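See below for the structure under consideration.
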Amino acid sequence: MAGEARGVRRAPLIVTEDVELLDDLLRLCAAAGVRPEVGHGAPAGRGSWEGAPLVLVGDDAAGRLRGVARRRGVVLVGRDQDDPGVWQRAVEIGADHVLMLPDGEQWLMDRIADVAEGVGRPALTVGVIGGRGGAGASTLACALAVAAARAGRRTLLVDADPLGGGLDVLLGGEAVDGLRWPAFAQSRGRVGSTALEESLPRLHDLRLLSRGDLGPGMHEVGADDRATIAATW
């Protein structure tokens, strides 16, 4: 992944003197698998404030941060849903978002996990759609994915055809261990990209997310266009 070493966890910065709010934010960081840096006022130096991938500012600390350098990735976190002044304080510190707990806990935990994991360069994504059944879309998608993997690219082949036989069968890997669509179709919440990649079957030097046995009521997984997508990065 470009720009970040894989496996390196980046720590957000928390700025608050509200003990209860700090406990909640530390709990969310722990759930996301990161240990944040904690400050209680305006940063003494520019390193922590500008270098953190995400800054969580308690509403109690917003007044002490007026005049700090503007940056992206600042979230003002409060509890009072009925306080109209929170929006003014957010503007004063240049916050990107205003979030109220506990309603916004899931969004915030997902955001913490995203920045901690890091973001690689955008993946090249190729969609292969057959004009009719038997046109060869599955074969072409598999060929593209295998060629990309053999060329040394990290490659993920996604089977989004709800009526197909499964690309793991086409690649001769229906017995290979790993998760298929049914394992994710009814799940909720965030799955980290690294964990997702490692959970999928590995065939011909690529990762595959295939349909498996979708079972009744799970036809919507593949979408109506019956696209088969080969994503490489």
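Pairs, please: C-beta under 6 Å, at least 6 apart or cross-chain, first residue in contact (Cβ under 8 Å) with a residue 60 or more places away in the chain and in the range 82-110, second open to solvent by 90 Å² or more (accessible area, probe 1.4 Å)? Between residues of the range 82-110 that are in contact (Cβ under 8 Å) with a residue 60 or more places away in the chain and residues that are open to solvent by 90 Å² or more (accessible area, probe 1.4 Å), the close pairs are 101/79. If a residue has to be of a type outside the set (S, T, N, Q) and buried (at least 23 other Cβ atoms within 10 Å of the Cβ) to count, how many in the range 143-155 make the cut? Adding up the residues that qualify gives 1.
Hey, any hits in the range 177-191 for a residue that's aliphatic (A, V, I, L, M), at pLDDT below 50, part of a helix (DSSP H, G or I) and open to solvent by less than 60 Å² (accessible area, probe 1.4 Å)? Checked against the condition, which is being aliphatic (A, V, I, L, M), at pLDDT below 50, part of a helix (DSSP H, G or I) and open to solvent by less than 60 Å² (accessible area, probe 1.4 Å), the range 177-191 yields no hits at all.
For the range 125-141, filtered to residues that are more than 12 Å from residue 161 (Cα to Cα) and either acidic (Asp, Glu) or modelled with pLDDT of 90 or more (or both), the residue that is least open to solvent (accessible area, probe 1.4 Å) is 136.
Scanning the range 32-49 for residues that are surrounded by 14 or more Cβ atoms within 10 Å (Cβ to Cβ) and part of a helix (DSSP H, G or I) turns up 48, 49. Summed over the range 66-97, the residues that are open to solvent by 10 Å² or more (accessible area, probe 1.4 Å) and either within 16 Å of residue 22 (Cα to Cα) or in a helix (DSSP H, G or I) (or both) give a count of 8. Per the conditions (1) more than 29 Å from residue 33 (Cβ to Cβ); (2) at pLDDT below 85; (3) surrounded by fewer than 20 Cβ atoms within 10 Å (Cβ to Cβ), the sole criterion not satisfied by residue 174 is (2).
If a residue must be touching a helix residue (DSSP H, G or I) at 6+ places or on another chain (Cβ under 9 Å) and either within 23 Å of residue 66 (Cα to Cα) or modelled with pLDDT under 95 (or both), how many such residues does the range 16-27 contain? Number satisfying all stated conditions: 5. Number of residues in the range 174-196 that are within 9 Å of residue 210 (Cβ to Cβ) and touching a Pro at 6+ places or on another chain (Cβ under 6 Å) equals 1.
The values are calculated or read from the model by the stated rules, or taken from the named source; none is laboratory data. Just so we're clear, the structure is a prediction, and the values are computed from it rather than from any experiment. Cβ: placed from backbone, ideal geometry, glycine included. Neighbour counts: every protein chain shown. For the accessible areas, the whole protein counts, side chains as well, though only heavy atoms, and no ligand, DNA or RNA atoms are used. Shrake-Rupley method; radii C 1.70, N 1.55, O 1.52, S 1.80 Å.
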